[in-house]
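For reference, the structure discussed in these notes is given below.
Read-outs: derived from the displayed coordinates by stated rules, not from any lab. Since we're looking at a predicted model, the values are computed, not measured. Note that each Cβ is placed from the backbone with ideal geometry, even for glycine, and that neighbours are counted across all protein chains shown.
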Amino acid sequence: MTTQYGNQPAGHHPHGASQRTATGNVLSIIAMVLGAISLLFLPIVFGVIGLVLGIVAKTVRHERLAVPAIVVSAVGLIGGMVLGALLAGS
């Protein structure tokens, strides 16, 4: 089936535009998971890796979920350090 706008088959994107699927947010999802893990385990390691992955997802890959991933990683990093300091001080 073709469209009225030329011989492009229906559902195809002209000019090499690619379709974004769920795999387009892989780095952002990994960054969010690492940010959540950093609340309880090794916040300096997991939080920083999550932040780096979130920034790469935002600047290089232009993923939709990059900003929430950066926020979750930053909150996990700071929250994990505060929680660790509170538990170490008691």
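General remarks:
- Ordering of 27-33, 59-65 by burial proxy (mean other Cβ atoms within 10 Å per residue, highest first): 27-33, 59-65
- Shape class for the stretch 23-89, computed from the alpha carbon gyration tensor (a ≥ b ≥ c): prolate, with a/c not under 1.5 and a/b above b/c.
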